[in-house]
Amino acid sequence: MGQGPRSAHRAGRRGPGGGKQGRAAKGPGRPPPGRDRRPRPPSERRAEPAPDALPHLSPEALGYFRRALSALKEAPGTGEDRDLMARNILKEVEAQVLALATNRTGSEMLQELLGFSPLKPLCRVLSALRPNLRVVACHRCGVHVLQSALLQLPRLLGNPAEAEEDDEDEEEKTLEELVLGLAADVRDDFLFYCGDTHGSFVVRTLLQVLGGTLLESERARPRGGSQLSDSQRAAAWECKPADSEIPETFLNRLQDLSFCFLKDIAVFITDKISSFCLQVALQVLHRKLPQFCARLCSAVIGYLNTRNSSADGSPLLLFLRDQTSSRLLEQVLLVLEPLSLQRLFEDHFQGQLHSLAAHPIANFPLQRLLNAVTTPELLSLVFEELSPALEAVLAQGHTGVVVALVEACRRVGTHQAQVLQLLLEAFHCAEPSSRQVACVPLFATLMAYEVYYELTEEEGAVPAEHQVEMAIARTLGEVTVLGSLLLQHLLYFSNPGIVLRSLSALTGPQLLALAQSPAGSHVLDAILSSPSVTHKQRRRVLKTLKGQYVALACSRHGSRVLDAIWSGAALGARKEIAAELGEQNQELIKDPFGHHVARNVALTTFLKRREAWEQQQSAVAKRRRVLNSILED
């Protein structure tokens, strides 16, 4: 793999992938969302109404609603009394809804109140807000009230009792009619709402409500421009949307809004704020109206393909390196059908993967391409081109590309042995073969062998054999999020033998440190859940934790690992765990995490009535076997 990266490691670099990861990393990475936005001409900038143009909320009214909300929270969870209290409070809200929605404290209280709202009061609140839609939707506080109101639809439309109430008064508009009217208002001034910093949130929420799909990635998006962590960002990309039943009219309106994107596709590709709306539309349409999703994807690719060609060839390459359009292309890649994805790769990506992987922005769309690969044919093309540059990509700090490639090999089921060998070579533990036993701490910390063990090797020298004593004396380094993900994917390979042997070679304190780590604890989860790990292999790894159970139980993340181990343990193993925990029973009971483990293990019963404890555990094991046999059938 060349000497460049190896010499860089000696110069004090962290090693493969050692740089800060994710889009929030400092340095030459992708700038965080919401910043570096191109200024608009003065005529296009969105300005909130002047404070004196909005109705004023008196301190007395604010105090009244604060006390009313507090009383509502303290009321019994269900029943007519609480329902009646919510109706009465929201009736008072109607007269001052605009003042509440545009007041910071009032907005927060109103959002909470809407969570308790029955159907009719919610309809009246929406009716009161609709005449001032532009003011509320484009206000930094009012926008969240509109979002909260719209997000009540799955709860209320799916409730038969609420639906009957909706039919009682024919003079008032139903919730369905109000939402359709709101969508029509947004459609009539679509570019304005999509391009406004606050108004775009309403559009995105409206798209989800009309499609009956609430996206986890949108719910996880922080307010106020704060950054997601690496683990939160990874979870957002792997989100599972929540679906709800919707009337057919909602899908018809969703189609209308999708045509609005087509009419001004250039704006939605190039404007940062508007682009977010198109990204959400693609996710919703992919689930509910796939033909419209494909049409939007074709429009995006078609527009980009007509722009000026880059020096490298495809005009798409310019946009893959652009802050705004690359994010949109990431979403396009995730929703394309397999055949369309293959054509896109052959037309625009093939031959460019090395430069894309090295680019601070374009490496993210490349990761999404790898996430979207589902066929062996496409994976072979990608792997053949990208694999020779694996060590260089790691040395550049773009570890996410490598993790995505490993995940694709796991998902598709091909090139697994090859990518593992390349990883061993990149982390300098392939040769001599004795070094392979050290691969787990290297992968977990994203450090090369020489960097992790603080060795100095001359240029061109033969790599030294692995020293077991040195490995035992070394405490486990800090486990990174991407390193943990890498190990989890490798444990799901059809043959995870090398990784399991490395895990078995860890000392008790080292494996304990892995289990207690926020990121590393998920590696233990993969050991327990992977179908590729046999019971014998699992026992060989976990037996190292014997003598560490009390420390594991008294840890935030370790206690969760111990609970998972306990759930899958046989009666004999449970006796061993309970006996070790019983020696420190008082310490466990006093610990905030340990006392939950003691209760789960029924430790008091184990110490005082051993026979009853064994009968109880035998009954639990029998029920588990019956359930497993049913699930297997």
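Looking only at region 343-371, how many residues end up being part of a helix (DSSP H, G or I) and farther than 18 Å from V419 by Cα? Don't jump to the end; show me each part of the working.
First pass over region 343-371, keeping only residues part of a helix (DSSP H, G or I): 343-349, 353-358, 363-371.
With the extra rule that they be farther than 18 Å from V419 by Cα, the set shrinks to 343-349, 355-356, 358, 363-365, 368.
Residues flagged as part of a helix (DSSP H, G or I) and farther than 18 Å from V419 by Cα within region 343-371 amount to 14.
The single condition among (1) modelled with pLDDT of 90 or more; (2) open to solvent by 50 Å² or more (accessible area, probe 1.4 Å) that A235 does not meet is (1). Scanning region 197-204 for residues that are open to solvent by 40 Å² or more (accessible area, probe 1.4 Å), among the hydrophobic types (A, V, I, L, M, F, W, C) and modelled with pLDDT under 55 turns up nothing.
If the requirement is being surrounded by fewer than 22 Cβ atoms within 10 Å (Cβ to Cβ) and either part of a helix (DSSP H, G or I) or of a type in the set (V, I, T) (or both), which of these qualifies: E391, E377?
On the way: E391 fails: surrounded by fewer than 22 Cβ atoms within 10 Å (Cβ to Cβ).
E377 is the lone residue from the list that is surrounded by fewer than 22 Cβ atoms within 10 Å (Cβ to Cβ) and either part of a helix (DSSP H, G or I) or of a type in the set (V, I, T) (or both).
Tell me whether region 484-491 contains one or more residues that are in contact (Cβ under 8 Å) with a residue 12 or more places away in the chain and open to solvent by 80 Å² or more (accessible area, probe 1.4 Å). No, region 484-491 contains no residue that is in contact (Cβ under 8 Å) with a residue 12 or more places away in the chain and open to solvent by 80 Å² or more (accessible area, probe 1.4 Å). Yes or no: S494 without any contact (Cβ under 8 Å) to a residue 24 or more places away in the chain, of a type in the set (S, T, Y) and open to solvent by 20 Å² or more (accessible area, probe 1.4 Å)? No. Per the listing A128, A99, A149, the residue uniquely part of a helix (DSSP H, G or I), crowded, with 23+ Cβ neighbours inside 10 Å and either among the polar types (S, T, N, Q) or touching a residue at least 12 places away in the same chain (Cβ under 8 Å) (or both) is A149. Just one of (1) outside any helix (DSSP H, G or I); (2) open to solvent by 60 Å² or more (accessible area, probe 1.4 Å) fails for L57. It is (2). Just so you know, in region 505-516 the residues that are open to solvent by less than 40 Å² (accessible area, probe 1.4 Å) and polar (S, T, N, Q) include one that is farthest from V541 (Cα to Cα), and it is Q510.
The residues listed here are V601, V597, V620, V561; of these, the one that is out of contact with any Gly (no Cβ under 7 Å at 6 or more places or on another chain), more than 29 Å from A513 (Cα to Cα) and either of a type in the set (A, V, I, L, M, F, W, C) or open to solvent by less than 30 Å² (accessible area, probe 1.4 Å) (or both) is V620. Counting the residues of region 574-586 that are under 36 Å from the mean Cα position of the chain (by Cα) and surrounded by fewer than 16 Cβ atoms within 10 Å (Cβ to Cβ) gives 0.
Among the criteria (1) charged (D, E, K, R); (2) without any contact (Cβ under 8 Å) to a residue 24 or more places away in the chain; (3) surrounded by 15 or more Cβ atoms within 10 Å (Cβ to Cβ), the one R410 does not fulfil is (2).
Mind listing whichever residues of region 517-532 are open to solvent by less than 10 Å² (accessible area, probe 1.4 Å) and either part of a loop (DSSP other than H, G, I, E, B) or of a type in the set (G, A, S) (or both)? Steps first, please.
Taking region 517-532 as the starting set, the residues that turn out to be open to solvent by less than 10 Å² (accessible area, probe 1.4 Å) are 520-521, 523-524, 526-527, 530.
Correct list: G520, S521, A526, S530.
Listed by first and then second residue, the pairs linking a residue in region 351-367 that is under 17 Å from L381 (Cβ atoms) to a residue that is open to solvent by less than 20 Å² (accessible area, probe 1.4 Å) and of a type in the set (G, A, S), with Cβ atoms under 7 Å apart and 6 or more places separating them unless they lie on different chains, are H354/A389; L356/A362; A357/A389; P365/S326; L366/A357; Q367/G400; Q367/A404.
The values are calculated or read from the model by the stated rules, or taken from the named source; none is laboratory data. Everything quoted here is computed from the prediction, not taken from an experiment. Cβ atoms come from the backbone with ideal geometry, glycine included; neighbour counts cover every protein chain shown. Heads up: the accessible areas ignore ligands, DNA and RNA and are worked out on the full protein's heavy atoms, side chains in. Shrake-Rupley method; radii C 1.70, N 1.55, O 1.52, S 1.80 Å.
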